[in-house]
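Here is the structure we will look at.
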Amino acid sequence: MTISDEDLAVLLERSSVFIESVHRHIAPLAPYPDQRCRIAFQAGLLAIEHATGACTLIKIGLAPSAIALMRPQFERIRRDFPPPTNGVEAPRL
């Protein structure tokens, strides 16, 4: 699948608007004062920072670096949420 330069520009602009909106909503938040909650909150913030960084890297023409930045997050999601297997349990990676 290929994407045109115009479509990519629109996607990046919409992503930037979305990330700014997320920042506005989470800025006043504080995690529940429990270690696990703080760690989960910080992990969420890190994911948002990586998304921001990936968009910036793509905008300046460094798409391979953006993919490398997001790859560990993709792998983690892939392990935690395997695709459905029509009733047959898939082996955990």
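Just a few scattered comments:
- Taking the chain and dividing mean pair separation by its residue count, relative contact order in percent (alpha carbons under 8 Å, at least six apart): 19
- Rolling a 1.4 Å probe over the heavy atoms of the protein chains gives the chain an accessible area of 83 Å² per residue.
- For segment 5-46, dividing the convex hull volume of the Cα atoms by the residue count gives 55 Å³ per residue.
- Cα pair distances in the chain, grouped into 10 Å bins until the bin that holds the longest one, percent each: 13, 33, 32, 20, 2
- Put a plus charge on the Cβ of each Lys and Arg, a minus charge on the Cβ of each Asp and Glu, and nothing anywhere else: the dipole of the chain about its Cα centre is then about 400 debye.
The values are calculated or read from the model by the stated rules, or taken from the named source; none is laboratory data. The shown structure was predicted, so the numbers you read here are calculated from the model rather than taken from an experiment. For neighbour counting, all protein chains shown are included, and Cβ atoms are generated from backbone atoms with ideal geometry for every residue, glycine included. These accessible areas exclude ligands, DNA and RNA; they are computed on the full protein's heavy atoms, side chains included. Shrake-Rupley method; radii C 1.70, N 1.55, O 1.52, S 1.80 Å.
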